[in-house]
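Colleague: One structure, pasted below without further comment.
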Amino acid sequence: MTTGLTNPSLMNQTFTTQHLSPEAIAQLVKYLPDYIKVALNEKSSELECSLEATIEMAISNFLDEEALSFEDCLLAQRLKNNN
C-alpha cells in the first residue's frame, strides 16, 4: 500500500479531499445551538479565517492537540502507523 508520505502526488491528492465543504458546514451549523454558532463565528472573526476552517481546527484539535487541520490529523496518524 502506498502512503502519501512516500508518494507526494498521492499525498496532495489525499489532502485536497480532506476538508469540509461549505455545504457540509452549512448543514452542520444548522443543527448547532445558537450560542455555539455565535462562538464559532466570533472565533472565525478573531482568527480571520472562514467558518469552515474554524470548525476544522476545532475538530482536529479535539482529536490531536497539535493538529490545526484534518491534514495534520491524517499526517499524524500516518506517522504513528509507520512507527
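Colleague: Of the residues Leu68, Leu74, which single one is outside any helix (DSSP H, G or I), on the phi < 0 side of the Ramachandran plot and under 10 Å from the mean Cα position of the chain (by Cα)?
Modeller: Leu68
Colleague: Let me ask something additional. Could you please find all residues in segment 26-57 being part of a helix (DSSP H, G or I) and either on the phi > 0 side of the Ramachandran plot or among the small types (Gly, Ala, Ser) (or both)?
Modeller: Within segment 26-57, Ala26, Ala39, Ser44, Ser45, Ala53 qualify.
Every residue, every condition in (1) surrounded by 13 or more Cβ atoms within 10 Å (Cβ to Cβ); (2) aliphatic (A, V, I, L, M); (3) modelled with pLDDT of 95 or more; (4) in contact with a helix residue (DSSP H, G or I) (Cβ under 6 Å, 6 or more places away or on another chain), yes or no:
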| site | (1), (2), (3), (4) |
| --- | --- |
| Leu5 | yes, yes, no, yes |
| Ser9 | no, no, no, no |
| Phe15 | yes, no, no, yes |
| His19 | yes, no, no, no |
| Tyr35 | no, no, yes, no |
| Ala39 | yes, yes, yes, no |
| Leu47 | no, yes, no, no |
| Asn61 | yes, no, no, no |
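Colleague: For the structure I just gave you, tell me whether Gln27 is modelled with pLDDT of 85 or more, out of contact with any Pro (no Cβ under 6 Å at 6 or more places or on another chain), surrounded by fewer than 17 Cβ atoms within 10 Å (Cβ to Cβ) and of a type in the set (S, T, N, Q).
Modeller: It is true that Gln27 is modelled with pLDDT of 85 or more, out of contact with any Pro (no Cβ under 6 Å at 6 or more places or on another chain), surrounded by fewer than 17 Cβ atoms within 10 Å (Cβ to Cβ) and of a type in the set (S, T, N, Q).
The values are calculated or read from the model by the stated rules, or taken from the named source; none is laboratory data. Every value quoted in this text rests on a predicted model; they were computed, and no experiment measured them. Ideal geometry is used to build each Cβ from the backbone, glycine not excepted, and the neighbour counts take in all protein chains shown.
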